[in-house]
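Enquirer: Sending over a structure as structure tokens; questions will come in a sec.
The values are calculated or read from the model by the stated rules, or taken from the named source; none is laboratory data. Worth saying up front: this structure is predicted, and the values here are computed from it rather than measured. Glycine gets a Cβ as well: all are built from the backbone with ideal geometry, and neighbour counts include every protein chain shown.
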Amino acid sequence: MDEQNSKSPPMPLGTLPAWGHDELPAPLPFSTRNLFRTIGPGAILLATSIGAGEWVIGPMISVNSGTGIMWIATVAILVQLVFNTEAIRYTLYTGEPMIIGFMRMKPGSGFWSTIYTVLTIAQLGLPAMSATCALVLFAAISGREAGEDDETMVHLWTYAIILVTVVILLSGRTIERVLEYISWVMVAFIFTFLIAVNVIFVPLSHWLQTIVGFFQFGNVPANVDLLLLGTLAAMAGSGGVGNLVITNWYRDKGFGMGAKVGAITSAFSGADDHRTFIGKVFSINAENMQRWRAWWRYVIADQVFLWAMGCFVGMYLNVNLATHLSDSAEPLDPYHSGVFQARLMAETLWSGFWLLALLNGFWLLFKTNLGDTDILVRTVTDILWIASPKLRAKRSLTISKLYYGLLALFTAWFFVGVNWGNALTLFTIMGNVAGPILAFGAIQILLVNTRLLPVEIRPKLWQRLGLVACCVFYSVISLALLWKYLPFHGD
């Protein structure tokens, strides 16, 4: 790209309307006070990330196969960090979520909107998190772990959790703001509990033993469950669609050019937004580049020090506690997902930890359920709204109304999906769909950022290599699962 062309936005590919043009808003001056006023999407993603992967899958696979397998979580968080920041790069420049960037690439928006709608529903279209929450709630109320005879009651609690999730998503001025406030509270409670019980009850020698396991790269025990391993690899961070939808929250928060595009308002906010949500870009000049670098500092703080560090510490604390408490040679029962920590703590430490641990587990899982529900509805909403000129042309329809219409539709679908398997089965399906999304999405992000963005803000070589590493990591795991479980394996 020559000097003249670098001063103006490149022509978007695909069949979507061309970007508009505006000035890049200036962020607040970088300071500790302004940092906490500005960041927030990372808290939502962290609240969504610290869930069943940390509370259920990580501890279960570590207790059953040893902490040496946790290097998978370390690599997963690192490559997902590159994935996240590179997706955000596109949103800072255009104000559009990353999936809309995919839709600007060949063969066009119709093709990619269909692909990512199907992938989003395939990953998040089952009530896995609601079902896991229900197991914890049942245990807290009944004083025992659920058995096969309790299936009907567990299903009823699952329905209740689904409905409560809908009520929360109906509140506030914007969906992003509601999730951000709730996420900060939940993250503070969860980390306070986990740090306290680890400091009080786990000896220093075990802390050191656990941390070593997170860096035993290449160690794969012979007895490891590949399905759980694939789920751990995806859910150690955010897992698939969740990594992409963070760019929707950055838009709604008003990061970069997101402030020029718009946010999905809540049902009771009174807002009636008819903006098209087509992106706007800025000219490459000295002032805008200075503002760009200032925005990027906030992105790094949000993603590296809040999201990535939070994911690592959350996984570490849960694994450290569970492996210390479980000295039995018997593997943990998968049916008791989300409850076994409470039983171990009550049996080993103090009976009162039954309710305290279940409360912590419930918040861990419920906030993930809340975030995943929003991710599902938000992603499909944005895809349909941008891909369909007919929808945008209807004066009686806003993007917020479309969001809540789809929320009602998916809620009804969840009520049916409750009967399709136990919590761990549903969650394993979700986790192993996420891996291929991360592998394929990493390469698409690389193509979008190197073809559609101006030279001055394209990713550096190490960032491009990070996206390639993300693709390789999740491709290897996904192919290993295919080799083991599909009929052509030949065993």
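Enquirer: Could you please tell me which pairs satisfy a Cβ distance under 7 Å, a separation of 6+ or placement on different chains, a first residue in the stretch 120-131 that is assigned to a helix (DSSP H, G or I), and a second residue that is of a type in the set (Ser, Thr, Tyr)?
Expert: Listed by first residue and then by second, the contacts come to Thr120/Thr379; Met129/Thr368; Ser130/Thr158; Ala131/Thr158.
Every residue, every condition in (1) of a type in the set (Phe, Trp, Tyr); (2) without any contact (Cβ under 8 Å) to a residue 12 or more places away in the chain; (3) within 30 Å of Phe138 (Cβ to Cβ), yes or no:
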{"residue": "Leu376", "(1), (2), (3)": "no, no, yes"}
{"residue": "Val380", "(1), (2), (3)": "no, no, no"}
{"residue": "Leu384", "(1), (2), (3)": "no, no, no"}
{"residue": "Ala387", "(1), (2), (3)": "no, no, no"}
{"residue": "Ser396", "(1), (2), (3)": "no, yes, no"}
{"residue": "Ser400", "(1), (2), (3)": "no, no, no"}
{"residue": "Ala412", "(1), (2), (3)": "no, yes, yes"}
{"residue": "Asn419", "(1), (2), (3)": "no, no, yes"}
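Enquirer: Only residues that are outside any helix (DSSP H, G or I) and either on the phi < 0 side of the Ramachandran plot or in contact with a Pro (Cβ under 6 Å, 6 or more places away or on another chain) (or both): list them for the stretch 369-424, please. Steps first, answer last, please.
Expert: The initial filter retains those residues of the stretch 369-424 that are outside any helix (DSSP H, G or I), namely 388, 394-398, 421-422.
Ser388, Lys394, Arg395, Ser396, Leu397, Thr398, Asn422, listed by residue number.
Enquirer: Output yes when any residue across the stretch 149-161 is within 16 Å of Phe362 (Cβ to Cβ) and either at pLDDT below 85 or touching a strand residue (DSSP E or B) at 6+ places or on another chain (Cβ under 9 Å) (or both), and no when none is.
Expert: no
Enquirer: Identify, please: which residue in the stretch 382-402 is β-branched (Val, Ile, Thr) and over 17 Å from Gly110 (Cβ atoms) and is, among those, farthest from the chain's Cα centre (by Cα)? Give the steps one after another, and end with the answer.
Expert: Keep residues of the stretch 382-402 that are β-branched (Val, Ile, Thr), which gives 383, 386, 398-399.
Right, trim to over 17 Å from Gly110 (Cβ atoms) and you get 398-399.
Values: Thr398: 26, Ile399: 22 Å.
Here the residue is Thr398.
Enquirer: Out of contact with any Asp or Glu (no Cβ under 9 Å at 6 or more places or on another chain), without any contact (Cβ under 8 Å) to a residue 12 or more places away in the chain and part of a helix (DSSP H, G or I), is that true of Val468?
Expert: Working: out of contact with any Asp or Glu (no Cβ under 9 Å at 6 or more places or on another chain): yes; without any contact (Cβ under 8 Å) to a residue 12 or more places away in the chain: no; part of a helix (DSSP H, G or I): yes.
In short, no.
This table checks each residue for (1) over 29 Å from Phe83 (Cβ atoms); (2) in contact (Cβ under 8 Å) with a residue 60 or more places away in the chain; (3) surrounded by fewer than 12 Cβ atoms within 10 Å (Cβ to Cβ).
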{"position": "Leu194", "(1), (2), (3)": "no, yes, no"}
{"position": "Pro203", "(1), (2), (3)": "yes, yes, yes"}
{"position": "Gln209", "(1), (2), (3)": "yes, yes, no"}
{"position": "Val212", "(1), (2), (3)": "no, yes, no"}
{"position": "Pro221", "(1), (2), (3)": "no, yes, no"}
{"position": "Asp225", "(1), (2), (3)": "no, yes, no"}
{"position": "Ala233", "(1), (2), (3)": "no, yes, no"}
{"position": "Gly240", "(1), (2), (3)": "no, yes, no"}
{"position": "Asn243", "(1), (2), (3)": "no, yes, no"}
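Enquirer: Let me ask another. In the set Ala434, Ala442, which member is surrounded by 18 or more Cβ atoms within 10 Å (Cβ to Cβ), under 20 Å from the mean Cα position of the chain (by Cα) and within 18 Å of Met103 (Cα to Cα)? I'd like the intermediate steps shown before the answer.
Expert: Values: Ala434 fails: within 18 Å of Met103 (Cα to Cα).
Unique residue meeting the criteria: Ala442.
Enquirer: Tally the residues that are modelled with pLDDT under 85, over 22 Å from Ala434 (Cβ atoms) and in contact with a helix residue (DSSP H, G or I) (Cβ under 8 Å, 6 or more places away or on another chain), restricting the search to the stretch 192-231.
Expert: The qualifying residues number 1.
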